[in-house]
Amino acid sequence: MAGRARVICESAALAEGGAGVRFDWAPAGGAGKGFAVRHDGRARAYVNRCPHLGTELDWQPGEFFEETGLYLVCSTHGAIFEPSTGLCVAGPCRGARLEAIAIEEYQGRILIHDDCPEPVPGDGPRSDP
């Protein structure tokens with residue numbers, strides 16, 4: 001990625017299937033509108049907005065995974081999303097996707113490039129822990 005990088009968090013802040021980190025993402029509305037989690041060893045980031053009603057996903061700040069840590073869940077109506085792709089696999093927005101945000105993991109930190117004009121569709125870039 002090109003452009004000015006901003007640190008979202010330290011890599012260690014994202015435990016596999018654990019709490020995520022909210023971050024400011026201006027293209028989606030600013031404060032807390034992006035979030036990062038770790039799944040299958042990779043850091044992933046999405047816009048914090050359910051495609052069904054547009055509400056934020058986390059039921060408590062940073063709590064995006066359901067109890068098993070295998071899926072992301074919408075706090076409003078329980079839609080279930082694959083963390084690796086953002087695809088909704090159950091619930092009222094089945095077949096829709098969360099909007100992915102490109103991030104990278106470098107030297108123990110999760111970085112985002114603020115010159116990216118908008119969220120990117122699909123899976124983000126490869127993250128190397």
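When each of GLY32, GLY20 is tested for being at pLDDT 95 or above and closer than 21 Å to VAL73 by Cα, the lone residue that passes is GLY20. The single residue among GLY78, GLY18, GLY69 that is over 12 Å from the mean Cα position of the chain (by Cα), of a type outside the set (Phe, Trp, Tyr), outside any strand (DSSP E or B) and on the phi < 0 side of the Ramachandran plot turns out to be GLY18. If only residues of the stretch 89-114 that are over 24 Å from CYS74 (Cα atoms) and not hydroxyl-bearing (Ser, Thr, Tyr) are counted, the one that is surrounded by the fewest Cβ atoms within 10 Å (Cβ to Cβ) is GLN107. So VAL89 clears everything in (1) more than 14 Å from the chain's Cα centre (by Cα); (2) assigned to a loop (DSSP other than H, G, I, E, B) except one condition, right? Which one? Against the list (1) more than 14 Å from the chain's Cα centre (by Cα); (2) assigned to a loop (DSSP other than H, G, I, E, B), VAL89 comes up short only on (2).
Do you know which residues across the stretch 20-32 are open to solvent by 50 Å² or more (accessible area, probe 1.4 Å) and either within 21 Å of GLU82 (Cβ to Cβ) or of a type in the set (Val, Ile, Thr) (or both)? Selection gives ARG22 alone. Beta carbons closer than 6 Å, at least 6 apart along the sequence or on distinct chains, pair a first residue in the stretch 20-47 that is over 14 Å from ARG6 (Cβ atoms) and without any contact (Cβ under 8 Å) to a residue 60 or more places away in the chain with a second that is of a type in the set (Val, Ile, Thr) and open to solvent by less than 20 Å² (accessible area, probe 1.4 Å) for GLY20/VAL37. Every condition in (1) surrounded by fewer than 18 Cβ atoms within 10 Å (Cβ to Cβ); (2) under 23 Å from HIS113 (Cα atoms) holds for HIS39 except the one numbered (1). Among the residues of the stretch 25-40, the ones that are touching a Gly at 6+ places or on another chain (Cβ under 8 Å) and either of a type in the set (Phe, Trp, Tyr) or in a helix (DSSP H, G or I) (or both) come to 3 in all. I'm trying to understand the selection: among the residues of the stretch 45-85, which are among the aromatic types (Phe, Trp, Tyr), open to solvent by 40 Å² or more (accessible area, probe 1.4 Å) and modelled with pLDDT of 95 or more? Result: TYR71, single match. Among the residues of the stretch 1-16, the ones that are free of Cβ contacts under 8 Å to residues at least 60 places away in the same chain and in contact with a Gly (Cβ under 8 Å, 6 or more places away or on another chain) come to 1 in all.
The values are calculated or read from the model by the stated rules, or taken from the named source; none is laboratory data. Model, not experiment: these values are computed from the prediction. Cβ: placed from backbone, ideal geometry, glycine included. Neighbour counts: every protein chain shown. Ligands, DNA and RNA are stripped out before the accessible areas are found, and what is left, the full protein with its side chains, is counted by its heavy atoms. Shrake-Rupley method; radii C 1.70, N 1.55, O 1.52, S 1.80 Å.
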